[in-house]
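Only one structure is covered here, and it is reproduced in the block below.
The values are calculated or read from the model by the stated rules, or taken from the named source; none is laboratory data. Quick caveat: nothing in here was measured; it's all calculated off a predicted structure. So basically every Cβ, Gly included, is an ideal-geometry build from the backbone, and we count neighbours across all protein chains shown. Keep in mind that these areas ignore ligands, DNA and RNA; they rest on the heavy atoms of the full protein, side chains included. Shrake-Rupley method; radii C 1.70, N 1.55, O 1.52, S 1.80 Å.
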Amino acid sequence: MAFIPSGYYNPDKPMENRITDIGPRYYEEFLPPVIKNNKGKWLWHEILEPGVLMHKAESGDEVYTVRCGSPRLLSVETIREICEIADKHCDGYVRFTTRNNIEFMVDSKDKLDALKEDLSSRKHPGGSYKFPIGGTGAGITNIVHTQGWIHCHTPASDASGTVKVVMDELFEEFQQMKMPAKLRIAMACCLNMCGAVHCSDIAILGYHRKPPIIDHEWLENLCEIPLAVAACPTGAIRPTKTKIPPSLEMKKR
């Protein structure tokens with residue numbers, strides 16, 4: 001953050017003349033107008049049906065939210081489709097929950113049915129929903145999980161496959177609210193527990209049991225190895241040495 005001389009700083013208005021070139025923009029810039037106008041003035045909310053919420057403000061304004069599940073690890077195509085839906089129905093606004101659900105918000109009930117119909121019509125070639133509606137109330141919401149083999153150097157297991165098969169079995173509970181209370185499931189690929197498994201009702205945790213078996217024939221030909229070498233803070237993982245006939249030895253870097 002750029003420094004501002006103390007003579008120009010107003011403690012009563014800390015955002016006045018604020019100069020910054022790093023970090024996120026101020027979050028209020030991204031709030032839908034109806035939410036920004038009624039900030040701190042909400043009276044109550046209710047769940048109209050699984051995945052659909054309505055918030056009522058003192059002014060009489062209403063916000064209808066449709067919550068959808070997401071795969072968390074999103075492709076560029078999926079992100080573009082999410083933005084397309086937001087532009088079409090929600091004036092370009094969309095938000096993600098802390099458990100990776102997608103929430104589309106509209107400011108009138110008239111827009112709600114069209115949004116739900118659009119979301120339900122979008123399916124994968126196999127027939128499954130791209131944006132399944134649900135995850136509210138006394139049911140199961142999206143399974144929060146760690147990076148797995150996609151981005152992490154040290155996972156004991158992969159997240160995506162495990163989360164997929166679990167959610168396939170429990171998908172009906174995502175679309176309904178028949179449980180005694182909310183149920184939260186999390187998956188962590190190793191004991192670092194990036195996936196918040198310690199604060200969920202059901203935890204799935206991968207852990208390392210045995211040292212990995214090294215396939216020396218293939219190891220030096222894999223592009224991921226330099227990343228593994230660079231990631232080791234103690235130098236326990238080192239490049240190998242290659243012998244060049246008749247008597248030279250070269251250390252690989």
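So here's what we get for this one:
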| item | result |
| --- | --- |
| Angle in degrees between helix 76-89 and the longest Cα principal axis of the chain, rounded to the nearest 10 | 10 degrees |
| Cα pair count fraction exceeding 24 Å, expressed as % - the range 23-136 | 24 percent |
| Residue 164 paired with residue 149, simple spin-label distance in nm, labels 7 Å along Cα-to-beta-carbon | 1.1 nm |
| Extension gain (nm, one decimal) between residue 117 and residue 202, 0.36 nm per residue minus Cα-Cα | 27.4 nm |
| For the range 34-50, 3J(HN,Hα) per residue [Karplus equation, 6.51 cos²θ - 1.76 cosθ + 1.60, θ = phi - 60°, Hz, x = Gly/Pro] | 5, 6, 5, 5, 10, 4, x, 10, 8, 8, 6, 9, 8, 9, 6, 6, x |
| Dipole of the chain, positive direction: furthest Cα of 212, 115, 60, with charges on the beta-carbon | 212 |
| Hull shadow area, averaged, the chain [alpha-carbon convex hull, nm²] | 22.2 nm² |
| Volume of the Cα convex hull of the range 137-208, divided per residue and given in Å³ | 78 Å³ |
| Mean accessible surface per residue for the chain, computed with a 1.4 Å probe while every protein chain stays in place, in Å² | 68 Å² |
| Dipole magnitude of the range 101-194, debye to nearest 20 (Cβ charges: Lys/Arg +1, Asp/Glu -1, about Cα centre) | 80 debye |
| For residue 188, distant residues with modelled amide H under 5 Å away | 204, 205, 206 |
| For the chain, with +1 on Lys and Arg beta carbons and -1 on Asp and Glu, the positive-most of 231, 9, 48 along the dipole | 231 |
| Vicinal HN-Hα couplings computed from phi for the range 163-173 (Karplus, 6.51 cos²θ - 1.76 cosθ + 1.60; Hz; Gly/Pro x) | 5, 4, 5, 5, 5, 4, 6, 10, 4, 4, 6 |
| Hz values of 3J(HN,Hα) by residue in the range 119-125 - Karplus curve (6.51, -1.76, 1.60), Gly and Pro given as x | 4, 5, 7, 8, 9, 6, x |
| Additional length obtainable on full extension of the chain from residue 73 to residue 28, 0.36 nm per residue less Cα span | 13.6 nm |
